[in-house]
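Below is one structure, written out as C-alpha coordinates, with a few remarks after it.
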Amino acid sequence: MKKEKAVKGGVYLTIVNVVSQLLSTVLSVILARLLAPEDFGLMALVLTFLGFIELFTKIGFGSAIIQKKNPSQTQISTLYWINLFFGVITLVIIIVGTPWFARFYDSPRLNEIMWIAALSVVITPTYMIHYKLLEKDLKFGLLSRANMVASICGAVGATLAALSGLGVIALIVQALVGKLTKGLIVLHGNSWRPSLIFNFSEVKDMLVFSLKFKLSQSLLYVDRNIDYLILGKFFSSAVLGYYSFAYTVMYTPVKRISSIFNDVMFPALSSIQDDPKKVVRGYFKSVELVAIISFPLMTLIALHTELILHFFFGTKWDGAIPIVKILCVAGAVQSISQLSSVVFNSLGKPMVDFYFGIIRNTLTILAIVAGSQYGIEIVAWYLLVVKVLSFIIGQFVIYRLVKFSILLVVDYLGKAILVCLIMLIINFLNNWLGLSLILMFLISILTAATVTLALNRKLLSELFILLKKKI
(Lines give C-alpha, C1' and ligand atoms only; values in the text may rest on other atoms or scores of the structure.)
Protein backbone atom coordinates (compact mmCIF):
# COMPACT_ATOMS: atom_id res chain seq x y z
CA MET A 1 0.00 0.00 0.00
CA LYS A 2 2.80 2.39 0.95
CA LYS A 3 4.64 1.55 -2.27
CA GLU A 4 1.51 2.28 -4.35
CA LYS A 5 1.06 5.62 -2.56
CA ALA A 6 4.70 6.49 -3.16
CA VAL A 7 4.45 5.65 -6.87
CA LYS A 8 1.22 7.63 -7.19
CA GLY A 9 2.83 10.48 -5.30
CA GLY A 10 5.81 10.43 -7.62
CA VAL A 11 3.49 10.75 -10.62
CA TYR A 12 1.58 13.60 -8.95
CA LEU A 13 4.76 15.48 -8.12
CA THR A 14 6.23 14.92 -11.59
CA ILE A 15 3.11 16.33 -13.26
CA VAL A 16 3.02 19.30 -10.89
CA ASN A 17 6.75 19.87 -11.41
CA VAL A 18 6.34 19.97 -15.19
CA VAL A 19 3.29 22.25 -15.03
CA SER A 20 5.01 24.52 -12.47
CA GLN A 21 8.07 24.78 -14.71
CA LEU A 22 5.89 25.77 -17.68
CA LEU A 23 4.00 28.27 -15.55
CA SER A 24 7.27 29.68 -14.19
CA THR A 25 8.61 30.06 -17.72
CA VAL A 26 5.48 31.88 -18.92
CA LEU A 27 5.53 34.13 -15.85
CA SER A 28 9.23 34.91 -16.40
CA VAL A 29 8.47 36.01 -19.95
CA ILE A 30 5.56 38.21 -18.79
CA LEU A 31 7.49 39.85 -15.94
CA ALA A 32 10.63 40.33 -18.06
CA ARG A 33 8.50 42.33 -20.51
CA LEU A 34 6.69 44.34 -17.82
CA LEU A 35 9.54 45.04 -15.38
CA ALA A 36 12.91 46.75 -15.76
CA PRO A 37 16.34 45.09 -15.32
CA GLU A 38 16.80 47.24 -12.17
CA ASP A 39 13.81 45.47 -10.58
CA PHE A 40 15.35 42.04 -11.14
CA GLY A 41 18.68 43.26 -9.79
CA LEU A 42 17.12 44.58 -6.59
CA MET A 43 15.11 41.41 -6.14
CA ALA A 44 18.23 39.26 -6.60
CA LEU A 45 19.91 41.22 -3.78
CA VAL A 46 16.88 41.00 -1.49
CA LEU A 47 16.29 37.28 -1.93
CA THR A 48 19.98 36.47 -1.53
CA PHE A 49 20.27 38.57 1.64
CA LEU A 50 17.17 36.93 3.12
CA GLY A 51 18.51 33.52 2.16
CA PHE A 52 21.86 34.10 3.85
CA ILE A 53 20.21 35.26 7.07
CA GLU A 54 17.96 32.20 7.06
CA LEU A 55 21.02 29.98 6.68
CA PHE A 56 22.08 30.98 10.19
CA THR A 57 18.67 31.38 11.84
CA LYS A 58 16.55 28.56 10.38
CA ILE A 59 17.50 25.00 11.18
CA GLY A 60 14.85 23.27 9.06
CA PHE A 61 13.39 20.25 10.82
CA GLY A 62 11.63 18.79 7.79
CA SER A 63 14.27 16.15 7.09
CA ALA A 64 14.35 15.13 10.78
CA ILE A 65 10.56 14.68 10.94
CA ILE A 66 10.58 12.50 7.82
CA GLN A 67 13.58 10.47 9.05
CA LYS A 68 12.20 9.96 12.59
CA LYS A 69 9.95 6.92 13.10
CA ASN A 70 6.69 7.78 14.86
CA PRO A 71 7.59 11.18 16.38
CA SER A 72 5.47 12.02 19.43
CA GLN A 73 3.07 14.96 19.80
CA THR A 74 5.53 16.50 22.27
CA GLN A 75 8.41 16.24 19.80
CA ILE A 76 6.48 17.65 16.85
CA SER A 77 4.99 20.48 18.93
CA THR A 78 8.43 21.37 20.31
CA LEU A 79 9.86 21.51 16.78
CA TYR A 80 6.92 23.68 15.68
CA TRP A 81 7.53 26.26 18.43
CA ILE A 82 11.30 26.25 17.81
CA ASN A 83 10.65 26.79 14.10
CA LEU A 84 8.24 29.65 14.79
CA PHE A 85 10.65 31.21 17.31
CA PHE A 86 13.49 31.23 14.79
CA GLY A 87 11.14 32.70 12.20
CA VAL A 88 10.40 35.65 14.50
CA ILE A 89 14.12 36.03 15.35
CA THR A 90 14.92 36.09 11.64
CA LEU A 91 12.32 38.81 11.06
CA VAL A 92 13.80 40.94 13.87
CA ILE A 93 17.34 40.53 12.49
CA ILE A 94 16.15 41.55 9.03
CA ILE A 95 14.32 44.63 10.32
CA VAL A 96 17.36 45.72 12.36
CA GLY A 97 19.87 44.90 9.60
CA THR A 98 18.00 46.35 6.62
CA PRO A 99 19.17 49.99 7.06
CA TRP A 100 22.79 48.80 7.16
CA PHE A 101 22.15 46.59 4.12
CA ALA A 102 20.66 49.51 2.16
CA ARG A 103 23.58 51.81 3.07
CA PHE A 104 26.16 49.16 2.16
CA TYR A 105 24.70 48.82 -1.33
CA ASP A 106 23.89 52.55 -1.56
CA SER A 107 20.26 51.80 -2.46
CA PRO A 108 17.59 53.43 -0.23
CA ARG A 109 14.86 51.49 -2.09
CA LEU A 110 16.09 48.31 -0.40
CA ASN A 111 14.60 49.49 2.92
CA GLU A 112 11.00 49.33 1.69
CA ILE A 113 11.54 46.19 -0.41
CA MET A 114 13.28 44.25 2.36
CA TRP A 115 10.66 44.96 5.02
CA ILE A 116 7.85 43.74 2.76
CA ALA A 117 9.77 40.69 1.54
CA ALA A 118 10.73 39.78 5.13
CA LEU A 119 7.11 38.85 5.90
CA SER A 120 7.76 35.54 4.15
CA VAL A 121 10.12 34.38 6.91
CA VAL A 122 7.26 34.27 9.45
CA ILE A 123 4.67 32.83 7.06
CA THR A 124 6.60 29.65 6.24
CA PRO A 125 7.10 28.40 9.86
CA THR A 126 3.34 28.48 10.49
CA TYR A 127 2.73 25.61 8.07
CA MET A 128 6.08 23.93 7.29
CA ILE A 129 5.76 21.26 10.02
CA HIS A 130 2.25 20.45 8.74
CA TYR A 131 3.66 20.21 5.20
CA LYS A 132 6.38 17.76 6.26
CA LEU A 133 3.87 15.63 8.19
CA LEU A 134 1.77 15.32 5.04
CA GLU A 135 4.92 14.44 3.10
CA LYS A 136 5.79 11.80 5.70
CA ASP A 137 2.28 10.32 5.32
CA LEU A 138 2.72 10.31 1.51
CA LYS A 139 -0.20 12.71 0.99
CA PHE A 140 1.31 13.82 -2.30
CA GLY A 141 -2.06 14.50 -3.93
CA LEU A 142 -2.84 17.25 -1.43
CA LEU A 143 0.70 18.62 -1.56
CA SER A 144 0.60 18.67 -5.36
CA ARG A 145 -2.66 20.63 -5.34
CA ALA A 146 -1.23 23.04 -2.76
CA ASN A 147 1.89 23.67 -4.85
CA MET A 148 -0.10 24.02 -8.06
CA VAL A 149 -2.67 26.47 -6.69
CA ALA A 150 0.09 28.43 -4.92
CA SER A 151 2.04 28.77 -8.18
CA ILE A 152 -1.04 29.93 -10.07
CA CYS A 153 -2.10 32.44 -7.39
CA GLY A 154 1.45 33.78 -7.09
CA ALA A 155 1.68 34.18 -10.86
CA VAL A 156 -1.66 35.98 -11.08
CA GLY A 157 -0.76 38.25 -8.15
CA ALA A 158 2.63 39.13 -9.64
CA THR A 159 1.16 39.85 -13.08
CA LEU A 160 -1.58 42.11 -11.67
CA ALA A 161 0.99 43.94 -9.51
CA ALA A 162 3.29 44.45 -12.49
CA LEU A 163 0.42 45.70 -14.66
CA SER A 164 -0.46 48.14 -11.84
CA GLY A 165 3.02 49.64 -12.07
CA LEU A 166 4.32 48.36 -8.73
CA GLY A 167 7.68 47.41 -10.25
CA VAL A 168 9.90 45.19 -8.12
CA ILE A 169 7.08 44.78 -5.55
CA ALA A 170 5.41 42.51 -8.13
CA LEU A 171 8.18 39.96 -7.60
CA ILE A 172 7.63 40.10 -3.83
CA VAL A 173 3.86 39.73 -4.31
CA GLN A 174 4.52 36.53 -6.23
CA ALA A 175 6.44 35.01 -3.29
CA LEU A 176 4.07 36.24 -0.54
CA VAL A 177 0.82 35.25 -2.30
CA GLY A 178 2.29 31.86 -3.22
CA LYS A 179 3.38 31.10 0.36
CA LEU A 180 0.12 32.35 1.90
CA THR A 181 -1.94 30.23 -0.49
CA LYS A 182 0.15 27.12 0.08
CA GLY A 183 -0.01 27.65 3.85
CA LEU A 184 -3.79 27.98 3.94
CA ILE A 185 -4.31 24.83 1.84
CA VAL A 186 -1.84 22.80 3.91
CA LEU A 187 -3.31 23.96 7.25
CA HIS A 188 -6.82 23.17 6.02
CA GLY A 189 -5.77 19.75 4.75
CA ASN A 190 -3.87 18.67 7.89
CA SER A 191 -5.82 18.25 11.13
CA TRP A 192 -2.67 18.22 13.29
CA ARG A 193 -2.31 21.19 15.62
CA PRO A 194 0.59 22.01 17.99
CA SER A 195 0.09 21.58 21.72
CA LEU A 196 1.19 24.19 24.23
CA ILE A 197 4.12 22.03 25.35
CA PHE A 198 7.89 22.32 24.98
CA ASN A 199 10.52 19.69 25.80
CA PHE A 200 13.93 20.37 24.32
CA SER A 201 15.52 17.15 25.62
CA GLU A 202 13.16 15.06 23.47
CA VAL A 203 14.27 16.68 20.21
CA LYS A 204 18.05 16.82 20.72
CA ASP A 205 18.75 13.95 18.33
CA MET A 206 16.44 15.45 15.71
CA LEU A 207 18.20 18.79 16.13
CA VAL A 208 21.64 17.21 15.50
CA PHE A 209 20.33 15.43 12.39
CA SER A 210 18.84 18.68 11.05
CA LEU A 211 22.06 20.62 11.65
CA LYS A 212 24.12 18.07 9.69
CA PHE A 213 21.65 18.19 6.84
CA LYS A 214 21.67 22.00 6.95
CA LEU A 215 25.48 22.15 6.67
CA SER A 216 25.57 20.51 3.23
CA GLN A 217 22.63 22.63 2.04
CA SER A 218 24.32 25.83 3.24
CA LEU A 219 27.51 25.16 1.30
CA LEU A 220 25.53 24.60 -1.89
CA TYR A 221 23.52 27.80 -1.30
CA VAL A 222 26.71 29.83 -0.88
CA ASP A 223 28.11 28.40 -4.11
CA ARG A 224 24.96 29.33 -6.04
CA ASN A 225 24.26 32.79 -4.57
CA ILE A 226 27.39 34.50 -3.25
CA ASP A 227 27.91 36.16 -6.64
CA TYR A 228 24.82 38.38 -6.23
CA LEU A 229 25.97 39.84 -2.92
CA ILE A 230 29.45 40.63 -4.25
CA LEU A 231 28.32 41.97 -7.65
CA GLY A 232 25.64 44.11 -5.99
CA LYS A 233 28.40 46.09 -4.28
CA PHE A 234 30.42 46.72 -7.46
CA PHE A 235 27.68 47.23 -10.06
CA SER A 236 24.35 49.03 -10.43
CA SER A 237 21.00 47.29 -9.94
CA ALA A 238 20.49 47.28 -13.72
CA VAL A 239 23.78 45.48 -14.39
CA LEU A 240 23.02 43.01 -11.58
CA GLY A 241 19.60 42.50 -13.18
CA TYR A 242 21.25 41.63 -16.52
CA TYR A 243 23.56 39.17 -14.77
CA SER A 244 20.73 37.60 -12.74
CA PHE A 245 18.62 37.25 -15.88
CA ALA A 246 21.51 35.73 -17.86
CA TYR A 247 22.30 33.27 -15.07
CA THR A 248 18.65 32.18 -14.93
CA VAL A 249 18.53 31.62 -18.70
CA MET A 250 21.67 29.49 -18.45
CA TYR A 251 21.05 27.67 -15.17
CA THR A 252 17.38 26.67 -15.52
CA PRO A 253 17.90 24.02 -18.26
CA VAL A 254 21.16 22.86 -16.65
CA LYS A 255 19.41 22.33 -13.30
CA ARG A 256 16.54 20.40 -14.86
CA ILE A 257 18.88 18.11 -16.83
CA SER A 258 21.31 17.43 -14.00
CA SER A 259 18.63 16.84 -11.34
CA ILE A 260 17.32 13.82 -13.24
CA PHE A 261 20.72 12.16 -13.22
CA ASN A 262 21.60 13.19 -9.66
CA ASP A 263 18.43 11.51 -8.34
CA VAL A 264 19.08 8.30 -10.26
CA MET A 265 22.89 8.16 -10.01
CA PHE A 266 23.25 8.30 -6.22
CA PRO A 267 21.27 5.12 -5.35
CA ALA A 268 22.59 3.34 -8.44
CA LEU A 269 26.26 4.06 -7.75
CA SER A 270 25.87 3.54 -4.00
CA SER A 271 24.69 -0.02 -4.65
CA ILE A 272 27.96 -0.83 -6.46
CA GLN A 273 30.35 1.21 -4.29
CA ASP A 274 32.42 -1.93 -3.55
CA ASP A 275 33.30 -2.16 -7.25
CA PRO A 276 35.14 1.11 -8.06
CA LYS A 277 35.52 0.25 -11.77
CA LYS A 278 31.74 -0.05 -12.12
CA VAL A 279 31.31 3.27 -10.29
CA VAL A 280 33.66 4.96 -12.79
CA ARG A 281 31.84 3.43 -15.77
CA GLY A 282 28.48 4.50 -14.34
CA TYR A 283 29.78 8.00 -13.70
CA PHE A 284 31.19 8.49 -17.19
CA LYS A 285 28.04 7.04 -18.77
CA SER A 286 26.03 9.67 -16.89
CA VAL A 287 28.49 12.38 -17.98
CA GLU A 288 28.03 11.26 -21.58
CA LEU A 289 24.23 11.30 -21.30
CA VAL A 290 24.18 14.77 -19.76
CA ALA A 291 26.69 16.13 -22.28
CA ILE A 292 24.79 14.99 -25.40
CA ILE A 293 21.82 17.04 -24.19
CA SER A 294 23.34 20.02 -22.39
CA PHE A 295 26.24 20.74 -24.75
CA PRO A 296 24.12 21.17 -27.94
CA LEU A 297 21.38 22.99 -25.96
CA MET A 298 23.82 25.49 -24.46
CA THR A 299 25.49 25.93 -27.88
CA LEU A 300 22.09 26.61 -29.46
CA ILE A 301 21.28 29.31 -26.87
CA ALA A 302 24.76 30.87 -27.16
CA LEU A 303 24.63 31.03 -30.97
CA HIS A 304 21.13 32.49 -31.10
CA THR A 305 20.95 34.56 -27.91
CA GLU A 306 19.77 37.73 -29.67
CA LEU A 307 16.89 35.97 -31.44
CA ILE A 308 15.74 34.09 -28.32
CA LEU A 309 15.90 37.12 -26.01
CA HIS A 310 14.25 39.50 -28.47
CA PHE A 311 11.45 37.06 -29.26
CA PHE A 312 10.58 36.12 -25.70
CA PHE A 313 11.74 39.01 -23.53
CA GLY A 314 12.13 42.11 -25.72
CA THR A 315 15.01 44.43 -26.58
CA LYS A 316 15.33 45.86 -23.05
CA TRP A 317 17.47 42.83 -22.17
CA ASP A 318 20.14 43.48 -24.82
CA GLY A 319 22.61 44.22 -22.02
CA ALA A 320 22.36 40.56 -20.96
CA ILE A 321 23.24 39.14 -24.41
CA PRO A 322 27.05 38.91 -24.04
CA ILE A 323 26.70 37.56 -20.49
CA VAL A 324 24.27 34.85 -21.62
CA LYS A 325 26.67 33.77 -24.38
CA ILE A 326 29.58 33.33 -21.96
CA LEU A 327 27.55 31.73 -19.18
CA CYS A 328 26.07 29.22 -21.61
CA VAL A 329 29.55 27.77 -22.09
CA ALA A 330 29.99 27.80 -18.30
CA GLY A 331 26.62 26.08 -17.96
CA ALA A 332 27.62 23.27 -20.32
CA VAL A 333 30.73 22.60 -18.21
CA GLN A 334 28.80 22.90 -14.93
CA SER A 335 26.19 20.37 -16.09
CA ILE A 336 28.82 17.60 -16.09
CA SER A 337 31.05 19.03 -13.35
CA GLN A 338 28.44 18.79 -10.60
CA LEU A 339 28.01 15.04 -11.22
CA SER A 340 31.36 14.43 -9.49
CA SER A 341 29.72 15.13 -6.11
CA VAL A 342 27.48 12.10 -6.59
CA VAL A 343 30.56 9.91 -7.06
CA PHE A 344 32.14 11.15 -3.82
CA ASN A 345 28.98 10.44 -1.82
CA SER A 346 28.38 7.10 -3.56
CA LEU A 347 31.88 5.96 -2.57
CA GLY A 348 31.15 6.92 1.03
CA LYS A 349 33.39 10.01 0.91
CA PRO A 350 31.03 12.88 1.87
CA MET A 351 33.85 14.91 3.44
CA VAL A 352 35.74 14.84 0.14
CA ASP A 353 32.67 16.44 -1.42
CA PHE A 354 32.58 18.99 1.43
CA TYR A 355 36.22 20.01 0.94
CA PHE A 356 35.74 20.08 -2.81
CA GLY A 357 32.82 22.45 -2.26
CA ILE A 358 35.00 24.76 -0.15
CA ILE A 359 37.62 24.87 -2.93
CA ARG A 360 34.92 25.57 -5.52
CA ASN A 361 33.38 28.35 -3.40
CA THR A 362 36.79 29.95 -2.80
CA LEU A 363 37.60 29.97 -6.51
CA THR A 364 34.17 31.44 -7.31
CA ILE A 365 34.57 34.29 -4.80
CA LEU A 366 38.07 35.12 -6.05
CA ALA A 367 36.87 35.13 -9.66
CA ILE A 368 33.96 37.47 -8.91
CA VAL A 369 36.02 39.91 -6.83
CA ALA A 370 38.87 39.98 -9.39
CA GLY A 371 36.57 40.26 -12.39
CA SER A 372 34.47 43.02 -10.85
CA GLN A 373 37.37 45.43 -11.29
CA TYR A 374 37.04 45.16 -15.08
CA GLY A 375 33.31 44.76 -15.80
CA ILE A 376 30.47 42.24 -15.68
CA GLU A 377 31.55 40.46 -18.88
CA ILE A 378 35.00 39.80 -17.40
CA VAL A 379 33.26 38.36 -14.32
CA ALA A 380 31.40 35.97 -16.62
CA TRP A 381 34.67 34.96 -18.32
CA TYR A 382 36.36 34.37 -14.96
CA LEU A 383 33.41 32.25 -13.81
CA LEU A 384 33.77 30.19 -16.98
CA VAL A 385 37.42 29.59 -16.08
CA VAL A 386 36.36 28.53 -12.55
CA LYS A 387 33.82 26.04 -13.94
CA VAL A 388 36.51 24.49 -16.15
CA LEU A 389 38.99 24.37 -13.25
CA SER A 390 36.35 22.80 -10.99
CA PHE A 391 35.71 20.10 -13.57
CA ILE A 392 39.43 19.36 -13.92
CA ILE A 393 39.93 19.27 -10.12
CA GLY A 394 36.91 17.01 -9.78
CA GLN A 395 38.35 14.55 -12.32
CA PHE A 396 41.70 14.61 -10.54
CA VAL A 397 40.08 13.82 -7.17
CA ILE A 398 38.02 10.99 -8.68
CA TYR A 399 41.23 9.67 -10.28
CA ARG A 400 42.92 9.67 -6.88
CA LEU A 401 40.02 7.68 -5.41
CA VAL A 402 39.50 5.33 -8.36
CA LYS A 403 42.21 5.00 -11.00
CA PHE A 404 41.01 5.37 -14.61
CA SER A 405 42.44 6.35 -17.98
CA ILE A 406 42.31 10.11 -18.63
CA LEU A 407 41.38 9.25 -22.23
CA LEU A 408 37.98 8.15 -20.90
CA VAL A 409 37.07 11.84 -20.43
CA VAL A 410 37.76 12.58 -24.10
CA ASP A 411 36.06 9.36 -25.20
CA TYR A 412 32.79 10.02 -23.37
CA LEU A 413 32.64 13.74 -24.26
CA GLY A 414 33.83 13.40 -27.87
CA LYS A 415 30.44 12.94 -29.54
CA ALA A 416 28.82 15.87 -27.71
CA ILE A 417 31.76 18.13 -28.59
CA LEU A 418 31.58 17.01 -32.25
CA VAL A 419 27.89 18.00 -32.44
CA CYS A 420 28.74 21.45 -31.07
CA LEU A 421 31.62 21.89 -33.54
CA ILE A 422 29.34 21.06 -36.48
CA MET A 423 26.79 23.62 -35.21
CA LEU A 424 29.54 26.24 -34.90
CA ILE A 425 30.86 25.56 -38.42
CA ILE A 426 27.40 25.84 -40.00
CA ASN A 427 26.73 29.12 -38.21
CA PHE A 428 30.18 30.40 -39.21
CA LEU A 429 29.45 29.61 -42.88
CA ASN A 430 26.35 31.78 -42.64
CA ASN A 431 28.65 34.81 -42.71
CA TRP A 432 28.82 34.14 -46.49
CA LEU A 433 25.40 32.55 -46.98
CA GLY A 434 23.50 35.43 -45.33
CA LEU A 435 20.48 33.38 -44.23
CA SER A 436 17.92 34.93 -41.88
CA LEU A 437 18.26 34.53 -38.10
CA ILE A 438 15.08 32.46 -37.82
CA LEU A 439 16.15 30.12 -40.65
CA MET A 440 19.59 29.64 -39.08
CA PHE A 441 17.96 28.94 -35.73
CA LEU A 442 15.84 26.20 -37.28
CA ILE A 443 18.85 24.79 -39.14
CA SER A 444 20.82 24.70 -35.86
CA ILE A 445 18.03 22.76 -34.14
CA LEU A 446 17.76 20.32 -37.06
CA THR A 447 21.55 19.87 -37.16
CA ALA A 448 21.83 19.24 -33.43
CA ALA A 449 18.95 16.77 -33.43
CA THR A 450 20.06 14.87 -36.55
CA VAL A 451 23.75 14.55 -35.69
CA THR A 452 23.03 13.70 -32.03
CA LEU A 453 20.58 10.98 -33.07
CA ALA A 454 22.99 9.58 -35.68
CA LEU A 455 25.91 9.40 -33.24
CA ASN A 456 24.03 8.34 -30.11
CA ARG A 457 21.08 6.15 -31.15
CA LYS A 458 21.79 3.44 -28.55
CA LEU A 459 22.66 5.95 -25.84
CA LEU A 460 19.45 7.94 -26.43
CA SER A 461 17.36 4.78 -26.08
CA GLU A 462 19.01 4.26 -22.68
CA LEU A 463 18.20 7.86 -21.79
CA PHE A 464 14.55 7.33 -22.74
CA ILE A 465 14.35 4.32 -20.43
CA LEU A 466 15.97 6.35 -17.66
CA LEU A 467 13.44 9.16 -18.06
CA LYS A 468 10.54 6.67 -17.94
CA LYS A 469 11.87 5.33 -14.65
CA LYS A 470 12.20 8.86 -13.33
CA ILE A 471 8.58 9.66 -14.21
Check your understanding: Largest first, what is the accessible-area ranking of E112, E306 with a 1.4 Å probe?
Key -> E112, E306
Point to revise | Accessible area in square angstrom per residue, the stretch 295-409, 1.4 angstrom probe | key: 42
Revision key, fill the gap. Of 386-397, 403-414, ordering from highest average Cβ density within 10 Å down gives 386-397, 403-414
Review point. Of the cross-linked pairs K136/K325; K179/K204; K387/K415; K182/K204; K136/K204; K233/K387, which ones have a Cα-Cα span greater than 31 Å in the structure shown?
Key: K136/K325
Check your understanding: So what are the ³J(HN,Hα) numbers for the stretch 39-46, from phi and the Karplus equation (6.51, -1.76, 1.60; θ = phi - 60°), rounded to whole Hz, Gly and Pro as x?
Key -> 4, 5, x, 5, 5, 4, 5, 4
Review point. To the nearest 20 debye, what is the magnitude of the charge dipole of the stretch 325-427 about its Cα centre, counting +1 on the Cβ of each Lys and Arg and -1 on the Cβ of each Asp and Glu?
Key: 160
Practice item. Sort 192-205, 160-173, 89-102 for me by packing, meaning the mean count of neighbouring Cβ atoms within 10 Å per residue, highest on top. Key: 160-173, 89-102, 192-205
Review point. Which of rounded, prolate, oblate describes the stretch 93-179, given a ≥ b ≥ c as roots of the alpha-carbon gyration tensor eigenvalues and a/c under 1.5 marking rounded, otherwise prolate only if a/b is larger than b/c?
Key: oblate
Review point. Can you give the FRET efficiency for L207 and W432, using 1/(1 + (r/R0)^6), R0 = 60 Å, r = Cβ-Cβ distance, to the nearest 0.05?
Key: 0.35
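The values are calculated or read from the model by the stated rules, or taken from the named source; none is laboratory data. None of these values were measured; they are calculated from a predicted model. Every residue, glycine as well, gets a Cβ built from its backbone with ideal geometry; the counts of neighbours run over all protein chains shown. Ligands, DNA and RNA are excluded from the accessible area calculation, which covers all protein heavy atoms including side chains. Shrake-Rupley method; radii C 1.70, N 1.55, O 1.52, S 1.80 Å.
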